[in-house]
Amino acid sequence: MAKKKEKVVLAYSGGLDTSVCVKWLQEEYALDVITLTADLGQGLNFETLKRRAHNAGALRVYVEDVREEFVNNFVLKALKADAVYESEYLLATALGRPLIAKKLVETAKKEKAKFIAHGCTGKGNDQVRIELGVGALAPELRTIAPLREWKLKSRDEEIEYARVHKITVDATKQSPYSIDKNLWGVSIECGVLEDPGAEPPPDVYRITANPLYAPDKAAYVEIYFKKGVPEKLNGQSYKPTDLILKLNRLGAKHGIGRTDLVENRLVGIKSREIYEAPAATILYKAHKALESLVLDRELAHFKQLLSLKYAELIYYGLWFSELREALDGFVDSTQRNVTGKVRLKLYKGSCLVTGRSSPHSLYKKALATYGREDSFDQSLAEGFIKIWGLPYKNYKL
């Protein structure tokens, strides 16, 4: 009787790398391959994806709709934390990876698989995020990373491998971009983007309109937050997932959310990435504007420090860490009064806050005004300045 094959659960995107991985894992490791695709809002035709996985040789194909879990348990936590990596990256791809790791572990347990696999490169951050996530949740599982092992040196060689093995893929030698998309944003790399001095060609962008050709009339949106969570758009209540979808469509129409960033990867190299994140950009600016109204100075300034750390934890693959969980407690405490409305103007790529209000506002017009209603006792300023500057009088460098 033939020995039963061991199983591997492959994180499957339906793209070039993971489609080639299916066949490679069968040939090199003699494993039965089970694919797991997490629907994070990529907008893919999942029936086509299932057929493609089977065509590549998958024994079983799982597709899980995790959009609600992604938004509620990952995206909203990052939004409340104001997590942005290196001032510009809103962490769309990075936030999806720990959830994919979680689903890989769940599927491996269901299938009694001893291995998980992914299509991440040895240069990238995603290998770290997925493997650290799996290691934290199920350290007994062994990880296989084909792109770190195989001898295929370029995407062109992968395309040729797919052709020889009759694997259906979308990538061509004329369009070699690597793209990752979910509800929170799009990440684009490779091809001409590997030259940091080259302007991205128009075909790089996936969802946003060219700001030059966006509508000549601005769009205004009003977003209502309750304890840091967006609940209403223009007065109408939505689930966070649906609100994000609507803002993505509207923001994309007006060219909102494009970023061209040379960032510092976790593995120690610099990488040029193009990002599109219409809803994330709008919600981040709105959330920050509301916080500026309701958080006192010391809390607001200290939160900026922890926001940076929170973003690093996400980017570095440390979502399943005690520190991130501890920071969530602090972040949630800061959101108690982050309730109110923010109005924004969307116009040809710009997203500007034009108004904000909250029942917990710390802004007092009588103190801030220079008009007749001014209640600020300006005579106190002289003594304040003398005391504040006392340590620095006669200070010599």
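Is one or more of the residues making up region 109-117 at positive phi and either among the acidic types (Asp, Glu) or assigned by TED's automatic domain parsing to the domain that holds Asp39 (or both)?
At the first step, the residues of region 109-117 found to be at positive phi are 112.
So of that shortlist, the ones also either among the acidic types (Asp, Glu) or assigned by TED's automatic domain parsing to the domain that holds Asp39 (or both) come out as 112.
Yes, there is a match, as at least one residue in region 109-117 is at positive phi and either among the acidic types (Asp, Glu) or assigned by TED's automatic domain parsing to the domain that holds Asp39 (or both).
Selection of region 267-309 for residues being surrounded by fewer than 18 Cβ atoms within 10 Å (Cβ to Cβ) and among the β-branched types (Val, Ile, Thr) yields Val267, Ile269.
Residue check: is Ser321 in contact (Cβ under 8 Å) with a residue 12 or more places away in the chain, touching a helix residue (DSSP H, G or I) at 6+ places or on another chain (Cβ under 6 Å) and either outside the structural domain of Ile256 (by TED's automatic domain parsing) or small (Gly, Ala, Ser) (or both)?
Working: in contact (Cβ under 8 Å) with a residue 12 or more places away in the chain: yes; touching a helix residue (DSSP H, G or I) at 6+ places or on another chain (Cβ under 6 Å): no; either outside the structural domain of Ile256 (by TED's automatic domain parsing) or small (Gly, Ala, Ser) (or both): yes.
No: the conditions fail for Ser321.
Could you check how many residues of region 56-94 are among the β-branched types (Val, Ile, Thr) and out of contact with any Lys or Arg (no Cβ under 9 Å at 6 or more places or on another chain)? Please lay out each step first, then the result.
First pass over region 56-94, keeping only residues among the β-branched types (Val, Ile, Thr): 61, 63, 66, 71, 75, 84, 93.
Right, trim to out of contact with any Lys or Arg (no Cβ under 9 Å at 6 or more places or on another chain) and you get 75, 84.
Number of matching residues: 2.
Taken over region 15-31, the criterion of being surrounded by fewer than 18 Cβ atoms within 10 Å (Cβ to Cβ) and not small (Gly, Ala, Ser) is satisfied by Glu27, Glu28, Tyr29. Any residue at all in region 225-236 that is touching a residue at least 24 places away in the same chain (Cβ under 8 Å), of a type in the set (Gly, Ala, Ser) and either more than 30 Å from Val33 (Cβ to Cβ) or surrounded by fewer than 18 Cβ atoms within 10 Å (Cβ to Cβ) (or both)? Yes, some residue in region 225-236 is touching a residue at least 24 places away in the same chain (Cβ under 8 Å), of a type in the set (Gly, Ala, Ser) and either more than 30 Å from Val33 (Cβ to Cβ) or surrounded by fewer than 18 Cβ atoms within 10 Å (Cβ to Cβ) (or both). Taken together, the residues in region 24-56 that are polar (S, T, N, Q), farther than 20 Å from Val164 by Cα and not in a loop (DSSP other than H, G, I, E, B) amount to 3.
With hydrophobic (A, V, I, L, M, F, W, C) and within 18 Å of the chain's Cα centre (by Cα) as the only criterion, which of Ala30, Ala81 stands out? Outline the logic, then answer.
Details: Ala30 fails: within 18 Å of the chain's Cα centre (by Cα).
Just a single option satisfies the conditions, and that option is Ala81.
Taking the listed residues Glu88, Glu47, Glu6, Glu69, the one that is free of Cβ contacts under 8 Å to residues at least 24 places away in the same chain and surrounded by fewer than 24 Cβ atoms within 10 Å (Cβ to Cβ) is Glu47, with no other qualifying.
Could you look through region 152-194, keep only residues that are charged (D, E, K, R) and under 27 Å from Ala101 (Cβ atoms), and pick out the one that is modelled with the highest pLDDT? Write out each step before concluding.
Filtering region 152-194 for residues charged (D, E, K, R) gives 153, 155-158, 160, 163, 166, 170, 173, 180-181, 189, 194.
Still in the running and under 27 Å from Ala101 (Cβ atoms): 155, 158, 170, 180-181, 189.
Working: Arg155: 75, Glu158: 86, Asp170: 69, Asp180: 91, Lys181: 95, Glu189: 91.
Here the residue is Lys181.
Looking at region 258-281, which of the residues that are among the hydrophobic types (A, V, I, L, M, F, W, C) and part of a helix (DSSP H, G or I) is nearest to Ala209 (Cα to Cα)? Residue satisfying both the conditions and the ranking: Ala279.
Residue-level check: of (1) within 23 Å of the chain's Cα centre (by Cα); (2) basic (Lys, Arg); (3) exposed (fewer than 12 other Cβ atoms within 10 Å of the Cβ), Lys181 misses just (3). Among (1) outside any loop (DSSP other than H, G, I, E, B); (2) at positive phi, where does Gly255 come up short? (1) is the only condition that Gly255 fails. A residue that is over 25 Å from Ile282 (Cβ atoms) and surrounded by 13 or more Cβ atoms within 10 Å (Cβ to Cβ) can be found somewhere in region 368-380. Considered as a group, the residues in region 114-135 that are small (Gly, Ala, Ser) and under 19 Å from Glu149 (Cβ atoms) include one that is surrounded by the fewest Cβ atoms within 10 Å (Cβ to Cβ), and that residue is Gly122. A single member of Gly355, Gly329 is assigned to a strand (DSSP E or B) and either closer than 22 Å to Ala92 by Cβ or without any contact (Cβ under 8 Å) to a residue 40 or more places away in the chain (or both), and it is Gly355.
Tyr284 falls short on exactly one of the conditions (1) outside any helix (DSSP H, G or I); (2) under 30 Å from Glu131 (Cβ atoms), and that condition is (1). Residues that are under 27 Å from Glu189 (Cβ atoms) and either in contact with a Cys (Cβ under 9 Å, 6 or more places away or on another chain) or hydrophobic (A, V, I, L, M, F, W, C) (or both) within region 106-121 comprise Ile116, Ala117, His118, Gly119, Cys120, listed in sequence order. Candidates Lys80, Lys102: the one that is of a type outside the set (Gly, Ala, Ser) and in contact (Cβ under 8 Å) with a residue 60 or more places away in the chain is Lys80.
The values are calculated or read from the model by the stated rules, or taken from the named source; none is laboratory data. Here the structure is a predicted model, which is why all the values come from computation and not from measurement. For neighbour counting, all protein chains shown are included, and Cβ atoms are generated from backbone atoms with ideal geometry for every residue, glycine included.
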